[in-house]
Structures are given as C-alpha cells and as structure tokens.
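Note sheet for the following structure.
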Amino acid sequence: MNILVISGCCLYQNTSANLCHRAYIEGFVKLGHTVDLLTFSESDINIDDSIVLPNIRNHFKYDGVSLYEKLAARQRNQSNIQPIENTEKTEAKLSLKSKIINKSKMLVRSLYGIYNPTINWYYRAKKFCSDVSYDIVISLSYPQVSHLLAKKLIETKRVLTKRWIQVWEDPWSIDLNNSDSYKKCLSAESKLLDSADEVVYVTPITLKRQQELFSKNKNKMKWYPLPSYYIDGIPQCGKLIGNYYGYFGDYSPNIRNLRPFYNVAVEKNLNVDICGSPSDLFPSKDNVKIYPRLPLGELKKHEDKTNVVICLFNLGGGQIPGKIYQLAATNKTIIAILDGPEDEQKIIRDYFEKFNRFVFCQNNEQSISEAIERIENNDLGCISNEPIDNFSVEKVAKMLLGD
C-alpha cells in the first residue's frame, strides 16, 4: 500500500513522541508498504545526529520554527551531560534559571492559540500537494496540528486517500499537560474527530474516556498498544555485580511523581541513574546520579549499564507512558510504579499483568521498597525478563492498518 504519514514534529529530535512516530513508520516499512512522510523540517532545530529514519520513499519537510522553539532550544543548550552537583546553591541557581525560562516560554506559547507554535508549520505545510493516490493517510499526534493539516489537505483534495486514520498517542482536552482552554480544545478536537475515518488511541483508559466524551464518534474509535522500538538497538544488561537501576524519561511533578522512588533509592543506597527532565528537581547523591535529557547515543550508555529499569505511571489523565512498551522489548527487570485513580490502576494492571513481565507496586515508599526487596532477593515468581512479542513494530502496524 501507499501510505502518507503526517507529523508536526521533526523526527530527528529525541523525544518520546518521535520515538513512537518512528516505531510506526518502521512497522509499515517492515511490512513492505511504501511510505511517504510529511513532517516538520530539521532546519534551525537542535537535532540528534544519531537518529536514522527507516527506508521511506519521500520525505516532505516544512519549517515553522517560532520564538517558543528558540527559547526551548536555549534551555536545552544550557544543560550538559554531566550529573547535577550536589549543592544547595547549585540546585537553587538552576531552579531559578529554569523557572524564568519556563515562564518566558509559556508566555510566548500562549500567543499562538490552542495549536500553539506548531500552527506556524501548519500554515506552511498546507501548501503541500501530491499527485499520488494514497491508500491510507495516517496523522500522528502529538502535536495535534498533525490532524488539522491532514484534515485541510484531504478536504481541499491536495491529498487523495481512501482512508484517514488519526492516531492519538495522547488525548487533547483531557491531557494533564494541557494548559490551554478546555472548551476551545474540546471544540477543536470534536471537529477533528468528526472528519476522520478511524481514530486510534494507545490505552484502554483513554479509549473509554474519549468514547464517553465524544459519543457520536465512539464507533470509529479503537485502541492498540504502542510498538516497542529502539532506534540504535535494544539496550542490554551489562555484566554487573549486584543491581543497577535506571529511570529514563521525563518526570515533571504535575505529570509524574518520582520523589518516592528517589527517596527509596537514597535510603537504600541503590545505584541509580536518572536521565530526563526536569534535571534540577532532585540533587545528585553519591549513588544516585541525576542527568538531563540526553542524546540517544549518550543515553544508551546509561541504559546498557542498568539491569533494573523504572516505568513510572502518570498521576491521571488515562495516558500510559510509552516507556512501558519500550522497556518490554528488553531483557531487563521492570518495576512498574502505578499511580493515579484506583479504577485506572486496575485497568492498567489487568492488561499488563497477564504478560508476566512487570514487577508492580504503588507509588509510595513502602510499596516501592517492597518491590525492590523482591528484586534484590531474586523473588520474582513467574515474572520472566523476556521481550513481549505482542508489542513488536510489525504486529502493532498490522493491527493499525487492519492487515
């Protein structure tokens, strides 16, 4: 089949959203489909040179860099790959600088409306026109503007297709990370859903919530897991004496609460690397090293030296961190720290527990400590540290395409 994938991201940036996007593309290519990409350009953006895209046919790029992206780039450039020094003075200085930049970013971001700075890309990319008749157009969010562009191109017949699938890796109006007007986002989201042939979410919780919220479109909604994918090869366990723990992902306190695990790691004197944002939330200790978001090549060095990895679930919102699907492709022990409303936790646990792959615990110090003691005592019962085949890129791509 001829497939057009639309994403308002630059796929050469190291983000969790892009990792998901590339996983889908990898799956389509491995199934033998012909793939064209329409994405944000890498011009004037800090990119990760270690990222290589799958073997696609055409890659159409449009830029749209805004003042917001420039501020964000400046913030990233001020970070380095060394652990944060363990001094109160350094911690306070970093926190103040981060707060000032974040406030400036949010002020600039609010000026662009609910689609935020990505609307710049939309205005340029809507000029795209193709003479290919596509079997399927797949628009990927985040960002949501990917769906807006697909809608515009299909309605104006600048792109011809038999099916349009919207993939929502995160919902919009109920997203915990969304600071825009709920009513405006709800209205815009409804219009996008009305136009799609199929709508795909990546968690059963999100599907349930969205079907309740947008009941007129519930019959076109489905959910499939995210594909497990590592760009530069699946990280393996090194030869270690004892256990080395790792958390690799973002942990903004309004989304995820990493403090209980951090406190347990310090108390138990565990060897831990924490890599992600915000890197100034906790100070490094002798045994717990704090790093900012790292390029993939540098991050892999940290991943490869760990044999126990942490998946921290969100405080709510129905979203499941894509990291759990990624980690399921490794041979490492995985601690799945559940958080959020009890009904959401039950749905998550019921689905993932059947794979006998994860050590579950609640997000409090006692439960985390008990899970770590099980691991340290090699008391894992029927849990097997083997990759989960159900999450392979080919299988997820087949589900998505209906093959």
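A few notes on this one:
- Residue check for Ile372: closer than 22 Å to Arg256 by Cβ, touching a Phe, Trp or Tyr at 6+ places or on another chain (Cβ under 6 Å) and among the β-branched types (Val, Ile, Thr): no
To keep it simple, each residue is scored yes or no on (1) at positive phi; (2) buried (at least 23 other Cβ atoms within 10 Å of the Cβ); (3) of a type outside the set (Gly, Ala, Ser).
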{"residue": "Ser277", "(1), (2), (3)": "no, no, no"}
{"residue": "Lys289", "(1), (2), (3)": "no, no, yes"}
{"residue": "His302", "(1), (2), (3)": "no, no, yes"}
{"residue": "Lys305", "(1), (2), (3)": "no, no, yes"}
{"residue": "Gln319", "(1), (2), (3)": "no, yes, yes"}
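- Pairs, first more than 24 Å from Arg22 (Cβ to Cβ) in the range 141-165, second open to solvent by 60 Å² or more (accessible area, probe 1.4 Å) and not in a strand (DSSP E or B), C-beta under 7 Å, six or more apart: Lys152/Lys126; Arg158/Cys129
- Some residue of the range 63-70 being modelled with pLDDT of 55 or more, within 27 Å of Lys300 (Cα to Cα), touching a Lys or Arg at 6+ places or on another chain (Cβ under 8 Å) and in a loop (DSSP other than H, G, I, E, B): no
- For the range 146-167, a residue qualifies if it is open to solvent by 10 Å² or more (accessible area, probe 1.4 Å), among the hydrophobic types (A, V, I, L, M, F, W, C) and not in a strand (DSSP E or B), and the qualifying residues are Leu148, Ile154.
- When the range 352-403 is filtered for residues that are open to solvent by 10 Å² or more (accessible area, probe 1.4 Å) and touching a Leu at 6+ places or on another chain (Cβ under 8 Å), the ones remaining, listed by number, are Phe360, Gln362, Asn363, Arg374, Glu394, Lys398, Asp403.
- For the range 5-39, the set of residues classified as in a strand (DSSP E or B) and open to solvent by 10 Å² or more (accessible area, probe 1.4 Å) consists of Thr34 only.
- Hits in the range 30-47 (condition: in contact with a helix residue (DSSP H, G or I) (Cβ under 9 Å, 6 or more places away or on another chain) and either among the aliphatic types (A, V, I, L, M) or within 23 Å of Asp170 (Cα to Cα) (or both)): Leu31, Val35, Leu37, Leu38, Thr39, Phe40, Ser41, Ile45
- Among (1) touching a residue at least 60 places away in the same chain (Cβ under 8 Å); (2) closer than 25 Å to Trp172 by Cβ - the single one Ser369 does not satisfy: (2)
- Annotation note: of Lys354, Lys300, the sole residue that is free of Cβ contacts under 8 Å to residues at least 12 places away in the same chain and closer than 23 Å to Cys20 by Cβ is Lys354.
- Filtering the range 188-237 to residues that are open to solvent by 20 Å² or more (accessible area, probe 1.4 Å), at pLDDT 90 or above and not in a helix (DSSP H, G or I) leaves Asp197, Glu198, Lys222, Trp223, Tyr224.
- If you go through the range 340-351 and keep only what is buried (at least 18 other Cβ atoms within 10 Å of the Cβ) and touching a residue at least 40 places away in the same chain (Cβ under 8 Å), you end up with Glu344, Ile348.
The values are calculated or read from the model by the stated rules, or taken from the named source; none is laboratory data. No experiment lies behind these values; they were computed from the predicted model shown. Note: ideal-geometry Cβ built from the backbone for every residue, glycine included; neighbour counts use all protein chains shown. Only protein heavy atoms, including side chains, enter the accessible area calculation; ligands, DNA and RNA are left aside. Shrake-Rupley method; radii C 1.70, N 1.55, O 1.52, S 1.80 Å.
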